[in-house]
Structures are given as structure tokens and as C-alpha cells.
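**Student:** What follows is a single structure, and I will ask about it in a moment.
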Amino acid sequence: MGLFEKQFEDNVLTTNVDWLLNWCRLSSIWPMTFGLACCAIEMMAVGCAHHDIDRFGAGAFRASPRQADLMIVAGTVNFKMAERIKRLYDQMPSPKYAIAMGACATGGGPYYKYGYTVVKGVDRVVPVDVYIAGCPPRPEALLEGLMKLQEKIQASSVIRKPIHTV
Amino acid sequence: MSTTKTYEPSISRTEGRPLAGGEREYMIDVRTQDMEVNMGPQHPATHGVMRVLVRADGELITGAQPHLGYLHRCAEKIGESVEWLQYLPYTDRYDYLAAMNNNLGYSMAVEKLMGIEIPRRAMMLRTLCAELNRIGSHLIAIGTYGLDIGAFTPFLYMFREREWMMALFEKICGARLTYSYIRIGGVFNDAPPGWLSEVEAFCDTFEVKWREYYDLLIQNHIFVKRTADIGVITREMALDFGLTGPMLRGSAIDWDLRRDTPYELYDEICKDKAFEIPLASGEKGTLGDCWDRAWVRAMEMMESIKIVRWCLDKIEPGPVIGDIPKTLRIPPGEAYVGIENPRGELGHYVVSDGGKIAVRCRVRGPSFVNLAVLEELMPGALLADTIAIIGSTDIVVGETDR
Amino acid sequence: MTAVTHYFKNVVDSVKTTLIGLGITGKYLLQKPITVQYPDERLPIPNRYRGIHYLEQEKCIDCLACARACPIDCIEMDAVRHGKELEWISFTLDYQKCMFCELCVYPCPKDCIHMGTEFAFVSYDRSEFVHDLLSYRGMARDAKVRMVEAEKKKKAKEEAKKAKEGAQAAVVAEAADDEGEEASSEDA
Amino acid sequence: MNFQGIYDRIRSIQAPGVTGMDEPREPNPQDKKDKGRSGDPYVLVDPQRLPEFLECLRDDPSLKFELMADLTATDPSKEDGYLWINVQLLSLVRKHRLAVKCLLPKENAVMPSSVSVHRGAQWAERECSEMYGITFEGHPDPRNILLPEDWIGHPLRKDYEFPEEYHGISCK
């Protein structure tokens, strides 16, 4: 967007253009194939026939971060991996989103107390948009998280000036 | 990178790579610059977050070094920090594809220290659930193996059946993946009414579907060509590295803990000759290649179905859990129990000093041991075969790293 | 086997097995898809499902059995005791840590903490995951009534006791007086 | 073969480094502090001669412990001056198991590596050395396996203190 990004006041044209751009973004969120632990199996289940994440336009699991919009951090993050996650997130083209799936990615989960190598929440490494509780969450919960992310994208402003709250 | 060990390639350049029918594929002896390729930690074919540092000379791999620890979750430290029963949910999480088997292994190790007897119905349910979980685990193993090789459809089909299996587990214990169903002293809950007949319906359907997987994937010529003659594990190598499970049986070593050191009800099941141990024969290529291991896993699913049917046949009403106090105090001592996980021998070594908390809770993860052979298998293979070799070891990174 | 026959055998085998595969996949072409259209249709959730917790607060006695049973200490509760009645301050369950193992449910002596069938707990902010299980804070209305009644009863009891004691004291005093008189008469 | 038979055989072939054995026993009713011991019997071996011992057991025709199932260490308590090295052996031909235990002093935790006998010991020893700070002499690749290269401390020791931060990420 560059030149036009967040430049305009609200009017009929800009709000409609914004709506259209947001609609395009939210209907083709391409996630990155990025399974870490147990939650990855549920993430695979979401991609498979019973739940079929393709219905939300998010079924194209990309192996490369350069082609992905969404990083589903599905599993426990430890210090050795945290640096890689940061690097992968930086490699994704903007606009990019991250979902912390399950308790481990949200806040260390069951490894909070005695897990000496576990990062207590992936949001210490990359910014997270949506958190999903569960250990592991059901596939439906991941779909719920995806819908929540879509709501967030729909509410964002692309060429309009963002509404600042004091 | 400077610490990387260099390997001598296991095949000579002038002799070439052996092909089927005694022929050899010759490589032109041109010295190319050695290249180090990093596979992972984020790679769709490493089954999680494992990193393999591959040293390649052109297309020929001259060395490979697995780097682990990207999912180290301190399971053993936690075992020494929480109470005996509280550790049980953590056992679900190291081999998350076969959580029932992990629960079973840990419970059996603690029961061995306590020296208690388990009600017969509980044993039946344990065996049944562990075997069902073995099917689920092998479904993912073969499904993702197909996915690595390039077959997407079998993966979708296998997940369909796995989803059914998980729905069954959800009915009996309330979770899809991390069950904590098998407890110390028995099982946690009796099967809900009608559950056993549902399992029977699953078995009936699965036998039909299994044939489809077998024709669609295992016997497919493209799959065979990608996996046969690749990553050959010889008998000596298998024993030297301490491989267990399908990796061992893929090299035609007749060893299965369920039959050879029977635990739970497997003694009776073996006496009834209810199941047999599939052994690879090198049908499509050399004995001990990737295809043999995939075949062993596919055949084991059917054997598991037979065990499940045996249990369904013999199950009788009764109590499902012994008289276990709320706060366990385990008598001092140490015990090692190895059970047959879908991936091999899952060993639990527990040490107690008579208190509420374990002194040591070691997990011998079969994936961890089986993966070590990768260093030896890779040199001499082609770069495209790395994925076939890694996939055939069927690792779960949660277990290699714990 | 010569290289040529080997080559053609490969081709024939590939075509044959691929056709078998296509036959299997073709069978599914006409079958009903198994996909569950999630927000509109839902898979049945079994009764034993281990979902988000709920608390029967009326029964709870603040005994901390569930908090002690939790492997990760994700349950925290705080209440003030007024005699038998409880004034609730907080009862939180931290879903940043909880692993849905159900170990907290069974030690409960009053059978008041349960795991429900609700599973979707999604948020933009992880601090919302410190979930409050209380349906009301402070004291329950009937608990207040009960407490006031209990206090009244207690007071009444005490008054009765006092009155009784007073009466007894009077009796004792009278007796003492009598004794004293007797003693004095004896003295005399 | 049961444990007694295996132990007798080990004695009769004079396997190197054997110092004794321990079997589970019932608690002594006279002594209330004695709770007995449950679980597995094991053979005690001198850690400095463990590789020779393993080799002897592997090559003996009637024992044939050709598969090393597990090699691990144990830190029994903070006060104890010894670490245990626990080895589980398995014979596929004779279908028996054996637990081996070595006592290794904590101050000088150095012992020879068993990689030359069982290659499966390679990763297990790497894990032991990072988790307990044991040095295996003659190990071909003595790097950390699970923990990062620059990790401080040996986590499974009983006196291990959890780190405050790692590479700028707080651990609390």
C-alpha cells in the first residue's frame, strides 16, 4: 500500500475500499506449515476432511514463510526454537498474523513451573493476535480462533486513518 | 558448523549406487564443492521440529547430522518434581501420537514398584485402548510418510479413520489426543454403555478401509520406487544402534516385546495365537529398506485389529480400578518396564525413595534411539531420499526431545 | 532381466497401480462428504468431554483439594470464613497453564468442580485466560439470611444461657445464703 | 534365564568390573526404618570397567546381551556423593533382560565411553553428559544434544537452579 496507507479520512469511497481489501485479506489467510508439538496433530486434523479449514480460505498450508500470512504456533516453544520462530516471523510478508494455539504457546502451559527450557508464552518472542485455550484445543476451537482473527482483520483500517483512542 | 563431523561415504564413487537386479548406477566422478544443507527445524517433512544438517556432494549425501532439542520440554525434570499421579498427564505429551501407550508404560512401572494386581477388566480395557492407539499412530505414520513422498490422498483417508478412533477415545475418556485414561492401578473410567459395540463397528469398517490404503499407497509402484532399496538397515546395524519396534522388524529380526516379554494380557493373547508378528522379507528390494518398514507398520495395524477383537470377545464385567489411595506413596526401589510402543520399546525407569515424589523418572523414548541410526543411513543416499529415510524412521519429536 | 524389459515393466506397473488407486479414489467421488460445516453444524460432544470448567459454588467449601491436586497449580481460590458461611473473593483457573487433565475434579469432597462440554475459549488478550469460575462474589443472599438467622439463634441461645446461668446463680446464691444461715446458726 | 541364572553365569565367566548385586527384599518387621526394596534386581559394576563388562556380556554365547536398551544416569539426592549410571540390557536371542548399575562419584564424574561396544550408547551418553555433567572419555562427539550449546548447568542434578533468563527471554 505504501503511499496510500492510513492516509484518508472516513468517507464512502475509503470505507468501501477498506472493506474490500479487508475482505480479500481475511478470505485467503494462508497459514504456514509449522507444527511444533501435540497441537500440530490437531492442526493437521483441521486441514483434513472432517473439519476442512479450506472452507475459510485458509487451507493452503505453505512450507515457506515467504508465502504465508498466518503463523499458527501449534505447540510448546523452547529457547532453542524461539530464535527460529522470531526469524520465521520476520521472513513473512506483511500483513502477517500469528495465532498462539494451545496452552503452551499461550503461556507456557503445563511446563510453566518446571520447564526450564520452555518459553512462557510465544508473545515474548513474536506479537500474537489470537490466543486459543486448550491442551490441545479441539479442531473446532482452532476454527473459532480463525474466525476471531477474521473479525479482527475486518475491523482493521487499510487506507483510512486509524481511529486513535486516547 | 565447525564442530560438524565428517563421514566417509558408505559407497565408493566408482562402484556406484546399487540398483535392483544387481545393476549399478554410476556417477561421473567429478568433484563438486561440498554443500551443507540445513533441513529444518521448520520443514514440512521432518515430522516436527527436528533439524538435519546434510552435507551433500552434488546430489550425493556424504554426511548427515540430526540436531535435536527444539522441543525439549523437560519431562524428566517434571517427573522428579510432581507427585506420582500428577506426572501422568505429562506422559501423554511426549509421544502424543500414542498417548495411551505412554500412560500404560508409566502406570506399569509404578505398579511394578507397588507390586499390585490389576483387575482383569481394567487390563482388557488397557490392552484394547493401547492397540487402538497403535492403529491411530500407524495411520499417521503411514499417512504422513505418503505425504512426504508425494501422495496426499491416503493422508486424508487415514485421517478420516483416525478421526473416528479419536471420537471413540473421546467417548471413553473425554479427550482427543491427551487421554490420561490409563491410571496407576487400572483405568480411570469404565467404558460407557454401547462403547464396545462401537469399537466393533470401527474394526469392521477399518478392515475394509485398510485394504484400500494398502492398494492405494503401500503397493503403489511410485511409492515402491521411492522407498525400496533406500535406507537399508542391516541386522548388525539394527542391534548395534539398539533399534526396536518396526525398525527392527523391518530388518527381519523377530522381536516383539508383546510376545517375547509378555505384559498385561499379552501372555494369554499369544497362547491363543490371536496375532502374529509381521516380519519384512525384502519383497520389493533389499531387506531392511524403507518400504519394508512402511509395510511392517501397515501389517501391524491389522494385527492390532485382531487383538482388539480378541479383547472384545473376552471382556467381562468387573471393577476397573484397584484400591488406590489418593496420595500415592510408592515403596522404595527402582524398576524398569519396557512396553511395545508403536515406535518401539518405550521404557520407563522409575526410582522411588518411599515418598510422594519420584527420585528419577527416566523415559527411554524409542524415537530417540531409532533416530540415531540416521547418521549412518544417510551417507550414500541421494538428496531426494533424505525425506524418504527420515519418514521411514517414524519419529515423534516430542519423544526424541521429551 | 535386461534394462529394456526392466524399463517397460516399471511403466506397466506404475500405470497398473495408479489405475487401482484411481479406482479407489473414484469410489469416493459420488459419496456424501464427511465434512462438518463447523459453525452451523457441530460434531456431538460426549458427556465425558473435558472442556472448560464450571463450579457449583453453593457446594464449594474452599478446601483447596482441587488446587493441591493440580500438577501446575493453576487453580487459585480465596474466601473468608464467617462461621460456617463463606464470603467469596476469587476462584480463578488459569487457562494459560491448564492442561485439561481432570485431576482436579476427583479429589473434591463435595463434587462441585466439573469439566463442561464447552471447548472454544478464544481471546485477543491472554490475560482473559485467567478465568473466574465464580457466579457471584461475596456472600450468597441465602447465606446471608442463614448467617443472620444463625447469629440470631446464637444470640438467643446465649441469652437463654445467660438467663439460665442467672437463674442458676440466683439459686446458688440462695443456697449459699441458706448454707450461710445454717452455718451461722451452727456457729451460734 | 532369570536374574539368578544370569548373575551366576556372570560370576562364572568372571566378567570384568562386577562388584556385587542387589535384589528386592521384604521389609524387616523388627526394624521400622527398613522399608525393604521393590522392583528389579541389578548388577553393580565398576564404572571404569563398564565398556569391558558390556563387551563381555555381548559376546558371551549364553548371555548374548547384544542390544543396549537404555543408558541413563540418576542423581539420588543432594546429599549423596554418587551418581548412578543405569544400563538396561536386552538379549533378543535368549529373551532376557538385565539391569546394570554403576556408582560414579560426583566430584570426579569421569568414565570411559561405551560407544565402541554399542553405538546406540552415543546419544544416550551425550544426553547423560549434558544433564548430569558426566564426562565420557573417548566419546566421538561430546556436544550437547537436547540443550542449547551455551546452556549453563546440568538440569537433572538435584542441586540445579532454574535460570533467570536466556538470550534476553525471561524465564519467569
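The values are calculated or read from the model by the stated rules, or taken from the named source; none is laboratory data. Computed from a predicted structure; not experimentally measured. Here the Cβ positions follow ideal geometry from the backbone for every residue, glycine too, while neighbour counts run over all protein chains shown. Ligands, DNA and RNA are excluded from the accessible area calculation, which covers all protein heavy atoms including side chains. Shrake-Rupley method; radii C 1.70, N 1.55, O 1.52, S 1.80 Å.
**Student:** Find the centroid of the Cα atoms in region A:34-85 and in region B:365-393, then give the distance between the two in whole Å.
**Tutor:** With region A:34-85 and region B:365-393 each reduced to a Cα centre, they are spaced 24 Å.
**Student:** Along the Cα→Cβ direction, 7 angstrom out, place labels at residue D:30 and residue C:124. What is the inter-label distance in nm?
**Tutor:** 7.6 nm
**Student:** Determine the principal axes of the Cα atoms in chain C, then give the extent along each, sorted from largest to smallest and rounded to whole angstroms.
**Tutor:** Extents along the principal axes, in whole Å: 148, 40, 31.
**Student:** Using a 1.4 Å probe and ignoring any ligands, DNA or RNA, find the accessible area of residue B:240 and quote it in Å² to the nearest 10.
**Tutor:** So the heavy atoms of residue B:240 present about 50 Å² to solvent.
**Student:** For chain D, what does the helix formula give at 222 nm: sum of -39500 (n - 2.57) over DSSP H segments with n ≥ 4, over the residue count, nearest 500 deg cm²/dmol?
**Tutor:** Working: 3 runs with 32 residues, N = 172.
Computed mean residue ellipticity for chain D: -5500 deg cm²/dmol.
**Student:** Suppose R0 equals 51 Å. What FRET efficiency, 1/(1 + (r/R0)^6) with r the Cβ-Cβ distance, do residue C:85 and residue C:43 give to the nearest 0.05? Show your work: numbers first, answer last.
**Tutor:** On the way: r = 43 Å, r/R0 = 0.84.
With R0 = 51 Å, the Cβ-Cβ based efficiency is 0.75.
**Student:** List the residues, sorted by chain then number, that are 5 or more residues from residue C:53 or on another chain and whose placed amide H is less than 5 Å from its amide H.
**Tutor:** Those lying under 5 Å, H to H, from residue C:53 are C:116.
**Student:** Moving to a separate point now. If I fit a long axis through the Cα atoms of helix B:120-149 and take the longest principal axis of the Cα atoms of chain B, what angle between them do I get, 0 to 90°, rounded to 10?
**Tutor:** Between the helix axis and the principal axis of chain B, the angle is about 20 degrees.
**Student:** In addition: Order B:283, D:26, A:5, most accessible first, counting only protein heavy atoms with a 1.4 angstrom probe.
**Tutor:** Values: B:283 105, D:26 150, A:5 85 Å².
Per-residue accessible area, sorted high to low, gives D:26, B:283, A:5.
**Student:** Taking the alpha carbon gyration tensor of the protein assembly as shown, what are the square roots of 5 times its eigenvalues, largest first, to the nearest whole Å? Could the numbers behind the result be given before it?
**Tutor:** Values: eigenvalues 548, 314, 153 Å².
So the equivalent ellipsoid measures 52, 40, 28 Å along its semi-axes.
**Student:** With θ set to phi - 60°, apply the Karplus curve 6.51 cos²θ - 1.76 cosθ + 1.60 along region C:107-121 and write out the HN-Hα couplings as whole Hz, x wherever there is a Gly or Pro.
**Tutor:** Each residue's phi maps through the Karplus curve to give x, 4, x, 9, 6, 10, 9, 9, 10, x, 9, 7, 10, 7, 10 Hz.
**Student:** Using a 1.4 Å probe and ignoring any ligands, DNA or RNA, find the accessible area of residue A:19 and quote it in Å² to the nearest 10.
**Tutor:** Residue A:19 has an accessible surface of roughly 130 Å² with all protein chains in place.
**Student:** So if I take the centroid of the Cα atoms in region C:1-56 and the same for region D:92-125, what is the distance between those two points in Å?
**Tutor:** 45 Å
**Student:** Additional query: Using r as the Cβ-Cβ distance of residue B:329 and residue B:81, and R0 as 22 Å, what FRET efficiency do you calculate, to the nearest 0.05?
**Tutor:** Working: r = 17 Å, r/R0 = 0.76.
Efficiency, from the Cβ-Cβ distance: 0.85.
**Student:** Within region D:101-142, list the residues whose amide N lies under 17 Å from a label point set 7 Å along Cα→Cβ of residue D:48.
**Tutor:** Counting only backbone N, you get D:102-114, D:135-138.
**Student:** Which whole-angstrom value gives the distance between the alpha carbon centres of region B:111-127 and region A:91-166?
**Tutor:** Cα centroid to Cα centroid, the span is 42 Å.
**Student:** Which percentage, to the nearest 5, of the DSSP beta bridges contained in region A:13-142 is antiparallel? Mind showing how you got there, number by number?
**Tutor:** Values: 1 of 12 bridges.
Approximately 10 percent, going by the DSSP bridge assignments.
**Student:** Average the reciprocal distances over every distinct pair of alpha-carbons in region D:59-172, invert the result, and give the Kirkwood radius in Å.
**Tutor:** Evaluated on region D:59-172, it is 15.6 Å.
**Student:** Hey, what do the phi angles of region A:60-74 turn into as Karplus ³J(HN,Hα) couplings, whole Hz, using 6.51/-1.76/1.60 and θ = phi - 60°, x for Gly and Pro?
**Tutor:** 7, 6, 9, 7, 10, x, 5, 9, 10, 9, 10, 10, 8, 7, 9
**Student:** Taking a 1.4 Å probe, which of C:114, D:154 shows the most accessible area, and what order do the others take after it? Numbers along the way, then the final one.
**Tutor:** Values: C:114 35, D:154 75 Å².
In descending accessible area the options line up as D:154, C:114.
**Student:** Quickly estimate the mean residue ellipticity at 222 nm for chain C, helices only: each DSSP H run with n ≥ 4 gives -39500 (n - 2.57), and the total goes over all residues, rounded to 500.
**Tutor:** On the way: 3 runs with 77 residues, N = 188.
-14500 deg cm²/dmol, from helical runs alone.
**Student:** Which value, in Å³ per residue, describes the convex hull spanned by the Cα atoms of region B:193-291?
**Tutor:** Values: hull volume 13.1 nm³, N = 99.
So the per-residue Cα hull volume is 133 Å³.
**Student:** Could you work out the percent of alpha carbon pairs in region C:53-139 separated by over 16 Å, rounded to a whole number?
**Tutor:** Working: 1940 of 3741 pairs.
Percentage above 16 Å: 52.
**Student:** Measure off 7 Å from each Cα along the Cα-to-Cβ vector at residue B:356 and residue C:13, then give the distance between these two points in nanometres to one decimal.
**Tutor:** So the two model labels end up 6.3 nm from each other.
**Student:** Moving to a separate point now. Using a 1.4 Å probe and counting only protein heavy atoms, arrange C:8, D:136 so the residue with the most accessible area comes first. All intermediate terms of the calculation are to be shown ahead of the outcome.
**Tutor:** Working: C:8 120, D:136 15 Å².
Ranking C:8, D:136 by accessible area, largest first, yields C:8, D:136.
**Student:** To the nearest 10 square angstrom, how much accessible area does residue A:123 have with a 1.4 angstrom probe?
**Tutor:** Spelled out: residue A:123, probe radius 1.4 Å, area about 50 Å².
**Student:** Another question, if that's okay. Sequence gap of 8 or more, or different chains, plus Cα separation below 20 Å: how many lysine pairs satisfy both in region B:74-379?
**Tutor:** Step by step, the pairs that qualify in region B:74-379 add up to 11.
**Student:** Helix D:121-132 versus the longest principal axis of chain D: what angle, 0 to 90°, nearest 10, using Cα atoms?
**Tutor:** 50 degrees
**Student:** Still on this model: Against the 2.2 N^0.38 Å scaling, with N counting residues, where does region A:11-59 land? I'd like the Cα-based Rg ratio to two decimal places. Could the numbers behind the result be given before it?
**Tutor:** On the way: Rg = 15.2 Å, N = 49, 2.2 N^0.38 = 9.7 Å.
Dividing the Cα radius of gyration by 2.2 N^0.38 Å gives 1.57.
**Student:** Once you average over the residues of C:126-138, how many Cβ atoms of partner chains fall within 10 Å of each Cβ? Let's see the in-between values first.
**Tutor:** Working: counts 11, 2, 2, 6, 1, 1, 0, 0, 0, 0, 0, 0, 0.
Taking all residues of C:126-138 together, the mean is 2.
**Student:** For residue A:86 and residue A:30, FRET efficiency with R0 = 22 Å and r from the beta-carbon atoms, rounded to 0.05?
**Tutor:** Working: r = 20 Å, r/R0 = 0.91.
Calculated transfer efficiency: 0.65.
**Student:** List every residue whose amide H lies under 5 Å from the amide H of residue D:40, counting only residues 5 or more places away in sequence or on a different chain, with H placed 1.01 Å from N in the peptide plane.
**Tutor:** Those qualifying (amide H under 5 Å, at least 5 residues apart or on another chain) are B:334, B:335, B:336.
**Student:** If I build a Gaussian network model for chain D, linking alpha-carbon pairs within less than 10 angstrom, which residue out of D:66, D:137, D:55 has the largest mean-square fluctuation?
**Tutor:** D:137
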